[in-house]
Amino acid sequence: MPVSSFNKVAVNLSALHHNYHLLKRRIGDNAKLLAMVKADAYGHGMIRVARELSKAGCESFGVAELCEAISLRQAGIRGEIFVFIGFSLADTACFFDYNLTPVIFDFESARALSSEAVTRNQEMRVHVKVDCGMTRLGIYPEEFGRFSTELLRLPGIVLSGVASHFPRADEVCSDSTMEQFGRFKRTIPDVLKKAKIVRHTANSGAILNFPETCCEMARAGISLYGYYPDGVVGKIAEKREQLQPVMTFSSQVLQVKIVPAGVGVSYGHSFVTTEPTRLAVLPVGYEDGLSRSLSNKAEVLVCGKRARIRGRICMNLCMVDITHIESVAVGDEVVFLGRQGKDCISSDEIAGWMGSISYEVLCLFGNNNERKYIE
Ligand SMILES: *Cc1c(COP(=O)(O)O)cnc(C)c1O
């Protein structure tokens, strides 16, 4: 029998379904929902998540790199799979072999796809990325006219979509989002709109805060996994049905020890006890995605109560203060992310301690631990 780790990430598939259907309702019937499953579905497991979402009716998936898209196809995922951050020209043939959709932002990629299309006597549908204010990947709106004209001249290439990305749609009051949306809409001439081009620029923030920007397709990432892109602010502001967090992360107590006052804990003795203290040693460290920056900051749940991490987080171990919690025993469950008893620690709360965002916490826990799926 395979031996499993003390540490477990549990992925609640019914919460994933709930979020998918909630987002579908927000987007409306006219727009498609593309599921962003990059970064191993933000730590939730790309293939399993894509399978579940396919069952729920999802027909479009987005990843960063070509290799991720190939893995999805090889796992039998159907529908459109978008590669968002480009590809090496040497790998151009893969888009045909695996029926993938490139999102392009330079002419060299277009030319390579065109010559492969001609060789195969096939067509390749491409989406063009326009930078309307994110200042990341994409051609500028001013360049779009020339770019698309040249693209349409390339044999075998079909311009089937235009994409952009919002830098501030998570902020309900960001004026720049609608300004940028205006720029995006003006970029695409009416002839292309009539040609049934798919426009997509909305991320989770836009779906939740600016639903009028969803166009023909919206790309949901963090919201599928149950978090608001603006963290607790968005969660509190939610007046309708709430998203449900999909991931939990738990472990167990390895050892309980009692130390007198004046004793240093862990590397560097960054914490020194001021009174007799009971500590629980836990088999979770930065190797398991518990960032070292959480040393002396993060809290965990033991016996339904909060316990603070004391001293530096090591590679595979950390210590928490359980002085105030009665009867903690070796083997007791410890929750790092999720609910235990009446209390709950969210990815947003951990992100707050880390000076980061829920996205990073989910990737860290999810991509560094065994996952178990709960129907
Ligand atoms: C990651 C990503 C998204 C999803 O963003 P969320 O804030 O997680 O919804 C959408 N579009 C692109 C291009 C992305 O890279």
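The values are calculated or read from the model by the stated rules, or taken from the named source; none is laboratory data. No experiment lies behind these values; they were computed from the predicted model shown. A quick note on method: Cβ atoms are made from the backbone with ideal geometry, for glycine too, and the neighbour counts reach across all protein chains shown. For accessibility, only protein heavy atoms count, side chains too; no ligands or nucleic acids. Shrake-Rupley method; radii C 1.70, N 1.55, O 1.52, S 1.80 Å.
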Specify whether the C-alpha gyration tensor of region 13-237 places it in the rounded, prolate or oblate class, a ≥ b ≥ c being the square roots of the eigenvalues: rounded for a/c under 1.5, otherwise prolate if a/b is larger than b/c and oblate if not. oblate
Using Cα pairs closer than 8 Å and at least 6 residues apart in sequence, work out the relative contact order for region 1-114, in percent. 18
If exposed trypsin sites (Lys or Arg not before Pro) are those in a DSSP loop with at most 15 other Cβ within 10 Å, what is the longest stretch of the chain that has none? 1-77
Mind putting a number on the dipole of region 13-237 about its Cα centre? Charges go on the C-beta only, +1 for Lys and Arg and -1 for Asp and Glu, and I need it in Debye to the nearest 20. 600
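Using a 1.4 angstrom probe with every protein chain in place, what is the largest-first accessible-area order of Leu254, Leu279?
Per-residue accessible area, sorted high to low, gives Leu254, Leu279.
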Full-extension gain between Ser176 and Ser5, please, as 0.36 nm times their residue separation minus the C-alpha to C-alpha distance. 56.9 nm
Just the accessible area for Leu33, please: 1.4 Å probe, Å², rounded to the nearest 10? 10
Under 20 Å Cα to Cα from Lys194, which lysines show up? Leave out anything in the same chain fewer than 8 places away. Lys32, Lys129, Lys185
Relative to the longest principal axis of the chain, what angle (0 to 90°, nearest 10) does the C-alpha long axis of helix 13-27 take? 40
Through the Karplus equation 6.51 cos²θ - 1.76 cosθ + 1.60, θ set to phi - 60°, convert the phi angles of region 127-137 into ³J(HN,Hα) values in whole Hz; use x for Gly and Pro. 10, 10, 8, 10, 8, 9, x, 6, 6, 9, 4
Quick one: among Met247, Met134, Met36, which has the greatest mean-square fluctuation in a GNM of the chain with alpha-carbon springs under 10 angstrom? Met134
Quick query: amide H of Val128 versus all other amide H atoms, modeled in the peptide plane; which residues come in under 5 Å with a sequence gap of 5 or more or a different chain? Ile104, Gly161, Val162, Ala163
Holding the Cα-Cα limit at 23 Å, pick out from Lys8/Lys342; Lys257/Lys297; Lys24/Lys239; Lys38/Lys305; Lys8/Lys38 the pairs that are longer than that. Lys38/Lys305
Just how many % of Cα pairs in the chain lie over 34 Å apart, if you round to the nearest whole percent? 37
Can you pull the one-decimal nm distance between simple spin-label points at Asn296 and Arg339, each 7 Å off the Cα toward Cβ? 3.4
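Only Lys, Arg, Asp and Glu count, each charged at its Cβ (+1, +1, -1, -1), so figure out the dipole size of region 47-106 about its Cα centre, rounded to 20 debye.
Magnitude of the dipole: close to 340 debye.
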Cα-based helix-to-principal-axis angle, 46-56 vs the chain, degrees rounded to 10: 70
Note down the nm distance, to one decimal, between modelled labels 7 Å out along Cα→Cβ at Glu241 and at Ser54. 2.5
Computed ³J(HN,Hα) along region 279-286: with the Karplus parameters 6.51/-1.76/1.60, θ = phi - 60°, integer Hz and x for glycine or proline, the list is 10, 10, 8, 10, x, 10, x, 5
Cα-based helix-to-principal-axis angle, 175-187 vs the chain, degrees rounded to 10: 30
